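The values are calculated or read from the model by the stated rules, or taken from the named source; none is laboratory data. Remember, it's a predicted structure, so these values are computed and weren't measured experimentally. Please note: Cβ atoms are built from the backbone with ideal geometry, for glycine as well, and neighbour counts cover all protein chains shown.
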Amino acid sequence: MIDLNLPLWGDVTVFLLAALVIGVSGVKLAEYADRLADRTGLGEAITGTIMLGLITALPGLAASVTAALQGHAVLALSNAMGGIAFQTTVLAFADVMHRKANLEHAAASATTMMQTIMLILLISIVLLGLGSPDVVVGSVHPATLLLLAGAGMAFWLSYRVSEQPMWHPRHTSETVLDQPAPGSQNERLWLLWTGLVVMGLLTLVSGSLVAEAAGNIQDKTDLSAPIIGGLLMAGATSLPELVTCLAAVKRGALTLAVSDVVGGNFFDVLFIAAADFAFLSGSLYHAPGVGTREILLTTITLLLNVILLSGLIYRQKHGPGNIGFESVLMLLVYFTGFVVLSFMH
């Protein structure tokens, strides 16, 4: 755990610089992941979920665990849920960037839909933990054990759907297929893996700095923990997903863009399990300060993913402003939700 011990202006500076490093690293992560997907033959959906999703989730994991170790339970929870909410809404911005058609239409994938369903299941378990009695099994809440079991099932089902799909989305003139780039088999694997690992380590260290600085800013200002954790800290640690998603769309790797966000959200839910193990004062779900605001934030996150799933199934080609109805709704729910959270006490 990093102890900065800086004045407020120093904490703000560290926060901004660490966020910048996370953002710059994210651009290279998208490039390496796309090239690895082509070189290994794993495909963009699995590569985006497992490799890119995990690596871009590292700053958030470091931030939530650091916050929990310091006793900031609300920061740990709101960083995880706020990160999922922000990253889901990132797809709306990516939809705006992809002008040819609605992103959810062009990047149709049965695997992505299954991943989103499983993500909704895991978020529901978190909501169950927040509303259940304050009990522990060993040192953690039973919801944490359910999260781990649910995540194992989710990864298995997603892999099964990817390898043995029972149905396929209908291809249209706007569908962008996941096909390897010409010459991808000539890439040097060790160079691609090295680049991916180095960028991942940079984001991991920067995530720890963001968490430390965010906790210090909360202690030195009147900003509430849900705003610090759910908006500022979650936004900063989610920069890899934002940057890699937009960079993947620009590269034409649409399935990679969507699966990176959904895969990153998978791991973000597990931040809460990791933070519950790191929080040594009892159940993270019932720690001092955890209450209605965290339940509302989790509900907003759940709603955003239900809206996303509806867009993935409906596959609207064009909507308001040439984006899908789900993107409009996600932007509305996200910004309205944080306005409401900012006025709650």
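So the values come out like this:
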| read-out | value |
| --- | --- |
| Subset of segment 286-308 (residues that are under 18 Å from A63 (Cβ atoms) and either without any contact (Cβ under 8 Å) to a residue 60 or more places away in the chain or assigned to a helix (DSSP H, G or I) (or both)) | E294, L297, T298, T301 |
| Pair list, Cβ under 7 Å, 6 or more apart: segment 328-345 residue under 27 Å from L312 (Cβ atoms), other residue assigned to a helix (DSSP H, G or I) and not hydrophobic (A, V, I, L, M, F, W, C) | V328/P320; M330/T88; M330/T89; L331/T89; Y334/T89; L341/P226; L341/G230; L341/R293 |
| Among residues of segment 1-14, those that are surrounded by fewer than 22 Cβ atoms within 10 Å (Cβ to Cβ) and either under 18 Å from V262 (Cβ atoms) or modelled with pLDDT of 75 or more (or both), counted | 8 |
| Test: residue in segment 268-275 that is of a type outside the set (A, V, I, L, M) and modelled with pLDDT of 75 or more | yes |
| Pairs with Cβ under 9 Å, 6+ apart, first in segment 163-178 and more than 18 Å from S259 (Cβ to Cβ), second at pLDDT below 70 and part of a helix (DSSP H, G or I) | T172/H105; T172/A106; E174/H105; E174/A106 |
| Any pair with Cβ under 7 angstrom, 6 or more apart, that starts in segment 11-33 at a residue that is closer than 16 Å to S208 by Cβ and touching a residue at least 12 places away in the same chain (Cβ under 8 Å) and ends at one that is among the aliphatic types (A, V, I, L, M) and surrounded by fewer than 17 Cβ atoms within 10 Å (Cβ to Cβ) | D11/L4; V14/L4; V14/L6 |
| Breaking point among (1) modelled with pLDDT of 70 or more; (2) hydroxyl-bearing (S, T, Y); (3) surrounded by 13 or more Cβ atoms within 10 Å (Cβ to Cβ), for S184 | (1) |
| Meets criteria (among the hydroxyl-bearing types (S, T, Y) and surrounded by fewer than 22 Cβ atoms within 10 Å (Cβ to Cβ)) for S281 | yes |
| Number of positions in segment 127-168 that are under 18 Å from S283 (Cβ atoms) and not in a helix (DSSP H, G or I) | 10 |
| Residue tally, condition of a type in the set (S, T, Y), more than 14 Å from L297 (Cβ to Cβ) and either at pLDDT below 75 or not in a helix (DSSP H, G or I) (or both), over segment 204-237 | 3 |
| Close pairs (7 angstrom Cβ cut-off, 6 or more residues apart or separate chains): surrounded by fewer than 21 Cβ atoms within 10 Å (Cβ to Cβ) in segment 241-253, among the acidic types (D, E) anywhere | R251/D34 |
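Yes/no matrix, rows are residues, columns are (1) modelled with pLDDT of 70 or more; (2) farther than 30 Å from H318 by Cα; (3) in a helix (DSSP H, G or I):
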{"residue": "V24", "(1), (2), (3)": "yes, yes, yes"}
{"residue": "I46", "(1), (2), (3)": "no, no, yes"}
{"residue": "A63", "(1), (2), (3)": "yes, yes, yes"}
{"residue": "T66", "(1), (2), (3)": "yes, yes, yes"}
{"residue": "A80", "(1), (2), (3)": "yes, yes, yes"}
{"residue": "F93", "(1), (2), (3)": "yes, no, yes"}
{"residue": "V96", "(1), (2), (3)": "yes, no, yes"}
